[in-house]
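Below is one structure; the comments refer to it alone.
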Amino acid sequence: MTIQLEFITLQDLVRGAVLDPRDPGYAEEASAFNAAVAHRPDVVVAALDAADVVAAVRWASLNSIKLAVQGTGHGAERGFNGGVLVSTKRLRSVSIDPQARTATVGAGARWREVIDAAAPFGLAPLNGSSSDVGVVGYTLGGGLPVLGRTFGFAAESVLSLDIVTMDGDARTVSRTHEPELFDLLCGGGPGLAVVTGLTFRLYPVAEVYGGALIFDGQHAEAVLRTFAAWARTLKDASNTAIRFLRAPDAPGVPRELAGRLTVHVNFAHVGRGGEQVLAPMRAAAPVLIDMVGPLPYTEIDRVYSDPEERLPFLSGGAGIVDLDWRAIEAVLAVAGPDAQCVLPLVDFRLLGGAMASDAGHTASAHGLAYAMHVVGVLAPPIAEAVPGAIAEVLAAMAPYGNGHCPRNFLGDREDLSPAWSDGIAAKLAAAREELDPQGLLRRES
């Protein structure tokens, strides 16, 4: 049987379209959020429902053909070539149970859809800095929420997962049904099974005190030193990050940010007293823009204001044990006002609080105080300099970490072991060998 005939057979098994490179819509169906990533699978299965996913997985397994899954494409760091790419972006169901305070969603759902569905009940999910991101990929990586210090990693709020293993078996796993596999999936990333849906807890949050304080880059040292000391005093109700942002001088960029270094303190406080908590940072230096105040949870994206348009980018990350005076000097040397830095973003998100426990969870902070994330735009005239610039920042900050980093922040790297303890990594490897002995299911994206 030729490859072409096998693909026709695959079309017979699914309701959704099976597209190859000759078909209109192939490129769009295969595209990732990162415009620098080009997927070139032999075919894309535009799944209409979970049954389509099951059929595609069974077919790939029976024919020993590699398989990848993509929802919104935000997690793609490198291209997938050959094989079958299953697109789950049409599985966008969202159901809220206000009495149980839970949400049940399909594999293509985005956080914005969950936020809007939960808000009328005064409930909120544990989404990350952009609500445009898909629920499943983010959660499989552990999920570092805007309110993570208050409520923990997103993966820790998962109650059940609907999965398809590479033998084509569809089932639901939870803390009471196959609990070890469930725990590994919640933070273990792709590579164990295909997730078609999940149920997770929601939290009674209708409003936060949040937004961003923006300082001119000339005050970077004063702001960073104040931030590092202030962050050590924060209770679990307060969630924060500090960002060194170099925005281009381009149309659509606010005049106050364009073509200059600015330092952003992102803040989200649950409950009362947020204004008093933030007061030391407001006094750290002259504030260029103050965007912090009472914020309906439906506007939670204003805390970080991440871009939603597709860009070609490269990212990397590391964990930081503490921003002591030596680490602060290192940050300023590579990202401060006197640094020749081509990276638009160097970001430190405060961990701890409800994310501090390392009690055997797959998603874990591993004794880290911060998750560092660096992003470079792969566009002229700086594209060629970006990989080296990311490597320089990561090397400069390596002495202030412990070798670990949250899974979602690891960026473009093949070695994902820094996300887990040795014990969890060994369990993940054993589970992959058992569930996918042919090694067909893509692990990275």
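The values are calculated or read from the model by the stated rules, or taken from the named source; none is laboratory data. None of the values given here were measured: they were computed from a predicted structure. Cβ coordinates were reconstructed from backbone atoms using ideal geometry, including for glycine residues, and neighbour counts include every protein chain displayed. To get the accessible areas, we keep the full protein, side chains included, count just its heavy atoms, and leave off ligands, DNA and RNA. Shrake-Rupley method; radii C 1.70, N 1.55, O 1.52, S 1.80 Å.
If I go through segment 66-80 residue by residue, how many of them are at pLDDT 95 or above and surrounded by fewer than 21 Cβ atoms within 10 Å (Cβ to Cβ)?
1
State whether one or more residues within segment 346-355 are basic (Lys, Arg) and assigned to a loop (DSSP other than H, G, I, E, B). Write out each step before concluding.
Applying the first criterion (basic (Lys, Arg)) to segment 346-355 yields 349.
Now drop any that are not assigned to a loop (DSSP other than H, G, I, E, B), which leaves none.
The answer is no; no qualifying residue exists.
Please work out which one of (1) surrounded by 21 or more Cβ atoms within 10 Å (Cβ to Cβ); (2) at pLDDT below 95; (3) on the phi > 0 side of the Ramachandran plot; (4) of a type outside the set (Asp, Glu) is the condition residue 211 fails and give its number.
(2)
Could you list all residues from segment 45-86 that are within 17 Å of residue 26 (Cα to Cα) and not hydrophobic (A, V, I, L, M, F, W, C)?
Passing the criteria: 70, 71, 72, 73, 79, 81, 82, 83.
Being in contact with an Asp or Glu (Cβ under 6 Å, 6 or more places away or on another chain), in contact (Cβ under 8 Å) with a residue 12 or more places away in the chain and buried (at least 18 other Cβ atoms within 10 Å of the Cβ) narrows it down to one residue among 37, 43; which is it? Step through it out loud before you land on a result.
Numbers: 37 fails: in contact with an Asp or Glu (Cβ under 6 Å, 6 or more places away or on another chain).
Exactly one residue qualifies, and that residue is 43.
Considering segment 418-443 alone, what residues qualify as being among the small types (Gly, Ala, Ser) and either within 14 Å of residue 371 (Cα to Cα) or surrounded by 16 or more Cβ atoms within 10 Å (Cβ to Cβ) (or both)? Reasoning before the result, please.
Of all residues in segment 418-443, those among the small types (Gly, Ala, Ser) come to 419, 421, 423, 425-426, 429-431, 439.
Listed by number, the residues that qualify are 419, 421, 425, 431.
Among the numbered criteria (1) open to solvent by less than 10 Å² (accessible area, probe 1.4 Å); (2) under 30 Å from residue 377 (Cα atoms); (3) at pLDDT 95 or above, which one does residue 103 miss?
(2)
Starting from residues that are touching a Lys or Arg at 6+ places or on another chain (Cβ under 9 Å) and part of a helix (DSSP H, G or I), keep the ones in segment 386-417 and report whichever is most open to solvent (accessible area, probe 1.4 Å).
So, considering only residues that are touching a Lys or Arg at 6+ places or on another chain (Cβ under 9 Å) and part of a helix (DSSP H, G or I), the one most open to solvent (accessible area, probe 1.4 Å) is 399.
Check residue 373 against each of (1) surrounded by 16 or more Cβ atoms within 10 Å (Cβ to Cβ); (2) in a helix (DSSP H, G or I) and name the one condition it does not meet.
The one condition residue 373 does not meet is (2).
Being within 20 Å of residue 240 (Cα to Cα), at pLDDT 95 or above and among the hydroxyl-bearing types (Ser, Thr, Tyr) narrows it down to one residue among 157, 130; which is it?
Details: 157 fails: within 20 Å of residue 240 (Cα to Cα).
Only one candidate passes the filter, namely 130.
Which condition number does residue 52 fail, the rest of (1) under 28 Å from residue 298 (Cα atoms); (2) part of a helix (DSSP H, G or I); (3) not hydrophobic (A, V, I, L, M, F, W, C) being met?
Checking residue 52 against (1) under 28 Å from residue 298 (Cα atoms); (2) part of a helix (DSSP H, G or I); (3) not hydrophobic (A, V, I, L, M, F, W, C), the one that fails is (1).
Any residue in segment 315-335 that's closer than 30 Å to residue 35 by Cβ: show its pairings with residues that are open to solvent by 20 Å² or more (accessible area, probe 1.4 Å) and β-branched (Val, Ile, Thr) at Cβ separation under 6 Å, as long as the two are six or more apart or on different chains.
315/375
Residues in segment 15-41 that are among the charged types (D, E, K, R) and over 27 Å from the mean Cα position of the chain (by Cα): how many? Don't jump to the end; show me each part of the working.
Going residue by residue through segment 15-41, those that are among the charged types (D, E, K, R) are 15, 20, 22-23, 28-29, 40.
The next check asks that each one be over 27 Å from the mean Cα position of the chain (by Cα); those that pass are 15, 20, 22-23.
Of the residues in that region, 4 qualify.
Counting residues that are open to solvent by less than 10 Å² (accessible area, probe 1.4 Å) and within 28 Å of residue 418 (Cα to Cα), which strands (runs of 3 or more DSSP E) fully inside segment 234-327 reach at least 3? Walk me through how you get there before you give the answer.
Details: elements: 238-247, 260-269, 287-290, 293-296, 313-320.
Of the strands (runs of 3 or more DSSP E) lying wholly inside segment 234-327, those with at least 3 residues that are open to solvent by less than 10 Å² (accessible area, probe 1.4 Å) and within 28 Å of residue 418 (Cα to Cα) span 238-247, 260-269, 313-320.
Would you confirm, using the coordinates I've provided, whether residue 220 is in a helix (DSSP H, G or I), touching a residue at least 40 places away in the same chain (Cβ under 8 Å) and surrounded by 23 or more Cβ atoms within 10 Å (Cβ to Cβ)?
Values: in a helix (DSSP H, G or I): yes; touching a residue at least 40 places away in the same chain (Cβ under 8 Å): yes; surrounded by 23 or more Cβ atoms within 10 Å (Cβ to Cβ): yes.
In short, yes.
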